[in-house]
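Here's the structure we're looking at; comments come further down.
Nothing in this text is a laboratory measurement; each read-out follows from the coordinates by a stated rule. Just so you know, these numbers come straight off a predicted model, no measurement behind them. We place every Cβ from the backbone using ideal geometry, glycine too, and count neighbours over all the protein chains shown.
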Amino acid sequence: MNGRNFIDGRWRDGSSLDTTFNPSDLDEQVGDYARASRADAEEAIAAARRALPGWARFNMQARSDLLRRAGDIILSRAAEIGRLLAREEGKILSDATAEAGRAGQLFHYYAGEVLRHPGQWYDSMRDGLNIIVSYEPVGVVAAITPWNFPIAIPAWKCAAALAYGNTIVLKPSEYAPGCAVMLCQILEEAGLPAGCVNLVMGDGRELGPVLIEGADAVSFTGATPTGRRILEMAAPSMTKVQLELGGKNPFIVLDDADLDIAVEAAAQGTWGQTGQRCTGSERIIVTRGIHDAFVERLARRATSYRVGHALDPDTQIGPVATLAQFEKNLGFIEKAKAGGAELAAGGTRVEARSRGLYLAPTLFVGTDNGMEINREEVFGPVAGVIKVEDLDEAIAVAADCELALSSGIATTNLANAERYRRASTAGMVMINAPTAGLDYHVPFGGRAPSGYGGREQGSAAAEFFTEMKTAYINHGVM
Ligand code: TXE
């Protein structure tokens, strides 16, 4: 893939090229991408601003049709997008293709949302007046996205922003920008007017300040420290900010759990997609009565996974996406061992035919909630088991964490499930289901510092991507 920046409807070279490599095989180069300069980012913001009035007034039916067409094209090219995603990010081909499909469905969903654009009408307390509350585009949106869902996250930000009449500058992760290039090609093919979506690639630390100062709103997904930095940078210009950040998600297993369901939900939540999901299970909190049986089954499940090349149809767990993340994961593992956590599975690099970043699904037992392995977001196929006495202690341990994105519980007791649903401090609660793996038509996100500035996806996205206007109309009719 040879990717260029997309500014004002034109594909443009950058100041230099950045190369990406296949994490399943570091000897394979995947793409060369034009690196945008700060001046390019300024031009992209200016183009988005010029395009804004036209897109904000764009005929509703035509806007809906355009988003639907974009969704159709994404779905028709899902295999191609999935293959690029698998090569560049390392997600196994079936998951990568499904993610591309999800991106297409998101565009279809927001094609429908265009037609359900919110608004309210009220009687006034004063006779002869009515009140209309309308929801207007927030303006130019900078979408800054990470590598772990390189088509779904750009899609859910762009589809929602466009549906509500905004224009966009998209800045994808430098580790996996290929899918964002394809998304912009598809939006162009679908007929989106020039300037409505712009793409700038490169280092977020360099381009970020220009985007944050120039845009009306920034929607960011990524690391919690980066999110804090963005919030600080947005303060002087009071740019509206939406942050989807890290998780340290607890999954509770109670004595009354169905063991099969508990093991599979924990396994999927922990090791699925190589654990590189902000909603992944990282702390598995297990009550004493079921602890040994559960741990024995879960450790066996960990060693049953086939780890390997993302394009190999037999592979169940792909590589870690980047060398930096791989080394970070190994660092967490070493420190957990040194701190007294006991390795029940994995913990080592996996050798394969290709020179890939393969890490065995890893499970620590005998951990407590104070250990680094249970406090810092690992963002890899690694989890720690914490033994507790009962649901009360499980709730307390689950809540003893700054991050509050997703959470889960395995129990066959309805009252226990409901108690946890109410007690959880997280933005999302799963009962007998993995903490990761979510629908796109309902709100997604967590409480600060996991999330900030309104939920994404579903109709909840309107909160961030629109501004309210309250109009009083004195028509004089009593
Ligand atoms: O994230 P960054 P990285 C977590 C996970 C991982 C860590 C680092 O723990 O180990 O983050 O991943 C852009 N101003 N998550 O380095 O740095 C950057 O170019 C503006 C959790 O990939 O946050 C990229 O486009 N932008 C997460 C995007 O921010 C800046 C998913 C994300 O990069 C910037 C991925 C700046 N100062 C990683 N610095 C989740 N919540 O799902 C960087 N960027």
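Every residue, every condition in (1) among the aliphatic types (A, V, I, L, M); (2) within 12 Å of the ligand (Cβ to nearest atom); (3) under 19 Å from residue 226 (Cβ atoms), yes or no:
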| position | (1), (2), (3) |
| --- | --- |
| 94 | no, no, no |
| 108 | no, no, no |
| 115 | yes, no, no |
| 134 | no, no, no |
| 138 | yes, no, no |
| 146 | no, yes, yes |
Contacts under 6 angstrom Cβ, first residue in segment 193-217 being buried (at least 20 other Cβ atoms within 10 Å of the Cβ), partner of a type in the set (Asp, Glu) and in a helix (DSSP H, G or I), 6 or more apart: 200/40; 210/42
Checking residue 310 against (1) hydrophobic (A, V, I, L, M, F, W, C); (2) in a helix (DSSP H, G or I); (3) touching a residue at least 40 places away in the same chain (Cβ under 8 Å), which test does it fail? (2)
Identify all residues within segment 375-404 that are more than 18 Å from residue 365 (Cβ to Cβ) and either surrounded by fewer than 18 Cβ atoms within 10 Å (Cβ to Cβ) or within 16 Å of the ligand (Cβ to nearest atom) (or both); write none if there are none. 376, 377, 379, 390, 392, 396, 399, 400, 401, 402, 403, 404
Residue 152 being surrounded by fewer than 24 Cβ atoms within 10 Å (Cβ to Cβ), more than 10 Å from the ligand (Cβ to nearest atom) and within 19 Å of the chain's Cα centre (by Cα): yes
Considering only segment 255-278, state which residues are over 16 Å from residue 430 (Cβ atoms) and not in a helix (DSSP H, G or I). 255, 256, 276
So, first residue in contact (Cβ under 8 Å) with a residue 60 or more places away in the chain in segment 325-350, second residue within 14 Å of the ligand (Cβ to nearest atom) and of a type in the set (Ser, Thr, Tyr), Cβ within less than 6 Å, six or more apart or across chains; the pairs are none
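Matching residues to (1) among the aromatic types (Phe, Trp, Tyr); (2) within 24 Å of the chain's Cα centre (by Cα); (3) assigned to a loop (DSSP other than H, G, I, E, B):
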position	(1), (2), (3)
409	no, yes, no
412	no, no, yes
417	no, no, no
442	no, yes, yes
461	no, yes, no
467	no, yes, no
472	yes, no, no
Those residues of segment 228-247 which are more than 10 Å from the ligand (Cβ to nearest atom) and in a loop (DSSP other than H, G, I, E, B) amount to 235, 236, 237, 238, 239
Checked segment 305-354 for anything farther than 19 Å from residue 92 by Cα and among the aromatic types (Phe, Trp, Tyr); matches are 332
I need the full set of residues from segment 173-192 which are part of a helix (DSSP H, G or I) and either surrounded by fewer than 21 Cβ atoms within 10 Å (Cβ to Cβ) or within 11 Å of the ligand (Cβ to nearest atom) (or both), in order please. 180, 185, 188, 189, 190
Condition set without any contact (Cβ under 8 Å) to a residue 60 or more places away in the chain and of a type in the set (Gly, Ala, Ser), scope segment 405-431, selection farthest from the ligand (Cβ to nearest atom): answer is 415
Could you list all residues from segment 196-227 that are part of a helix (DSSP H, G or I) and near the ligand (Cβ under 8 Å from one of its atoms)? 204, 205, 207, 208, 209, 211, 212, 224, 225, 226, 227
Considering residues of segment 295-342 that are within 20 Å of the chain's Cα centre (by Cα) and among the β-branched types (Val, Ile, Thr) only, the residue nearest to the ligand (Cβ to nearest atom): 322
Got at least one residue in segment 134-141 being touching a Cys at 6+ places or on another chain (Cβ under 7 Å), in contact (Cβ under 8 Å) with a residue 12 or more places away in the chain and not small (Gly, Ala, Ser)? no
Go through (1) away from the ligand (no atom under 12 Å from the Cβ); (2) closer than 23 Å to residue 323 by Cα one by one and return the number of the condition residue 264 breaks. (2)
Sort through 43, 28 and tell me the only one that's over 26 Å from the mean Cα position of the chain (by Cα), assigned to a strand (DSSP E or B) and touching a residue at least 12 places away in the same chain (Cβ under 8 Å). 28
Can you give me the number of residues within segment 99-137 that are out of contact with any Lys or Arg (no Cβ under 6 Å at 6 or more places or on another chain), over 30 Å from residue 20 (Cβ atoms) and not hydroxyl-bearing (Ser, Thr, Tyr)? 20
Residue 15 - would you say it is surrounded by 18 or more Cβ atoms within 10 Å (Cβ to Cβ) and either within 26 Å of the chain's Cα centre (by Cα) or not hydrophobic (A, V, I, L, M, F, W, C) (or both)? no
If we scan segment 163-172, do we find a residue that is under 30 Å from residue 35 (Cα atoms), part of a helix (DSSP H, G or I) and away from the ligand (no atom under 13 Å from the Cβ)? yes
